[in-house]
Amino acid sequence: MAEELLIFSHGKLTGHLTSSLLAVAFLSSFGSSMLYGYNLAVVNSPAEYIKDFYNRSVVNRNGSGLSEESLTLMYSLTVSVFAIGGLLGSLLVGVLVTKFGRKGTLVKSTTLVFISGALMGFSRICGSPEMVIIGRFITGIHSGISLSVVPMYLGEIAPKNLRGFLGLMPSIFICVGVFMAQVLGLHELLGKEEHWPLFLSLVVAPTFIQLLLLPWFPESPRYLLIEKHNVHATITALKWYRAKCNIQAEIEEMQEEQRSLSTVNTVSVWHLILDTSVRWQVISIVVINIGMQLSGIDAIWFYTNAIFENAGIPRPQIQYTTVGTGAIEVIAGLIGCFTIERLGRRPLMIGGFSFMGICCAGITISLVLQTYLSFMRYVSVACVVGIIAGFCIGPAGVPFLMTAELFKQSHRPAAYIVGGSLNWISNFTVGFVFPFLQMSAGAFCYLIFCGICLSVAGYVYFIIPETKNKTFMEISQMFSSKEPVIQPLVQSSPDQLKLKKMNSYGALENGFLEFDSSMSFP
């Protein structure tokens, strides 16, 4: 196990990456987050085979096939029912992480993957389109849970100077999942008609590996101390993740947060929405989570082949073009992961959304002009690649990381429910509506995504502060400065203390001192 040292440098607590941290980030992302990316793209390649199976099954039952509109509707339901399951899963996050913990929730939710894999894998043998749809729904529930719990877990076990790096690892594995679905969907591999049920059910393999290994790692130390009040288990977990080091400073920082929450229980979604002290945090996660999905990325992932076909790419070349975009996703995700602690959260979000908006406008222009200029088809492909790269660099993972960072322990589960629910509702809306929007508006449908991307970039620029290298307490105080409320207890002398109300939590400060957000709590 790699050794980590916690050191003070100009008042900041820093830590090195250990093998335990890296292993947990890998396992939780590989067995959970990667499945989300895989399921986003897995229905793209075998789309025609699935439609044919649906039609033949209906013919066998009723003696007549489906109309083209009905078949499109049924396939759109297959694509988007994944998001309905994700919405349900995101609503369960608060209850699950409070009862079972962060790691416990990830381990117990693997059952859903095995059920969904069995349903989709045996659907053709049973001649049941319903098994495909139900399987997609159940695996959506699992993705809805893991999409919130994995970044929450990693954000709580990581030292603050590594929170961005580890927090973006799930987004890298989402990109890897998309890439794996694109590679395996090639005609030379599982892209043949006889293989599509196996193609859909392969999600059980990484989950099985996670189920074997993840239970051996400790639960989140913050959860153990702040919610379970188990100091011994907290110390054990910290020693596991912070090998051979002085963990006292980190425990004191968690105890400081625990004291600030001593009169505040874990809040419900309703209380979170009504709590005016976290108004800007709630608005921020609403904007970035809706913007993340309405940016048009899901339309790109769900319907990549159709987009390239409309762009005039020859059909035999489409699958290889799609795989190429998947490789670029992974590279872009790695760039974001390895630069976030240097650049910060804001530049990745602003730059990513802005670049996506420009590329969405570029797709519209290129599709309109490709009738007159043949080379424009390659411009449209470049814009698709640009949208994917811009998304994977920042917007793919930073919203989940920021949802963890903008809230304290008491508000975090409810915040993930709000952000996750809006994320999945937006995902469903795009997945279900996009084919009809494309038929009615043609190339101009991408202008809607352009406006959304640029609007979100503007919001992040003007409203959301940089959270790099800040403790959860410091971040809450940065937002509370928008609406400061000071309540003096007594007429204080220079050495006396006063109570300042910050973000509905009481924090003691010296009468002569102003809070410096660049300083760290021990």
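The values are calculated or read from the model by the stated rules, or taken from the named source; none is laboratory data. None of these values were measured; they are calculated from a predicted model. Cβ atoms come from the backbone with ideal geometry, glycine included; neighbour counts cover every protein chain shown. Areas reflect the complete protein model, heavy atoms only, side chains present, ligands, DNA and RNA absent. Shrake-Rupley method; radii C 1.70, N 1.55, O 1.52, S 1.80 Å.
Residues in segment 342-376 that are surrounded by fewer than 18 Cβ atoms within 10 Å (Cβ to Cβ) and charged (D, E, K, R): Arg342 alone. Entry remark, segment 15-52: residues being part of a loop (DSSP other than H, G, I, E, B), out of contact with any Phe, Trp or Tyr (no Cβ under 6 Å at 6 or more places or on another chain) and closer than 15 Å to Val183 by Cα number 4 in total.
Among the residues of segment 185-214, those that are assigned to a helix (DSSP H, G or I) and open to solvent by less than 40 Å² (accessible area, probe 1.4 Å) comprise Trp196, Pro197, Phe199, Leu200, Ser201, Pro206, Thr207, Gln210, Leu214.
Within segment 80-177, which helices (runs of 4 or more DSSP H) (wholly inside it) include 1 or more residues that are under 29 Å from Phe53 (Cβ atoms)? Write out each step before concluding.
Numbers: elements: 102-108, 110-121, 123-126, 129-157, 163-167.
Per the criteria, 110-121, 123-126, 129-157.
None of Phe444, Phe472, Phe462, Phe449 is aromatic (Phe, Trp, Tyr) and modelled with pLDDT under 70 except Phe472.
Conditions tested, residue by residue: (1) under 30 Å from Met254 (Cα atoms); (2) crowded, with 24+ Cβ neighbours inside 10 Å; (3) touching a strand residue (DSSP E or B) at 6+ places or on another chain (Cβ under 9 Å); (4) of a type outside the set (Ser, Thr, Tyr).
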site: Ser146; (1), (2), (3), (4): yes, yes, no, no
site: Pro151; (1), (2), (3), (4): yes, yes, no, yes
site: Glu156; (1), (2), (3), (4): yes, no, no, yes
site: Ile174; (1), (2), (3), (4): no, yes, no, yes
site: Val178; (1), (2), (3), (4): no, yes, no, yes
site: Val183; (1), (2), (3), (4): no, no, no, yes
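Of all residues in segment 236-261 being aliphatic (A, V, I, L, M) and in a loop (DSSP other than H, G, I, E, B), which is modelled with the lowest pLDDT? Give the derivation first.
Restricting attention to segment 236-261, the residues satisfying the condition of being aliphatic (A, V, I, L, M) are 237-238, 243, 247, 249, 251, 254, 261.
Then drop every residue that is not in a loop (DSSP other than H, G, I, E, B), which leaves 243, 247, 261.
On the way: Ala243: 64, Ile247: 71, Leu261: 60.
Here the answer is Leu261.
Given the structure, is Lys103 of a type in the set (D, E, K, R) and free of Cβ contacts under 8 Å to residues at least 40 places away in the same chain? No: the conditions fail for Lys103.
Test Leu71 against the stated conditions and say whether it is open to solvent by 10 Å² or more (accessible area, probe 1.4 Å), closer than 22 Å to Cys126 by Cβ, in a helix (DSSP H, G or I) and in contact with a Lys or Arg (Cβ under 6 Å, 6 or more places away or on another chain). In short, yes.
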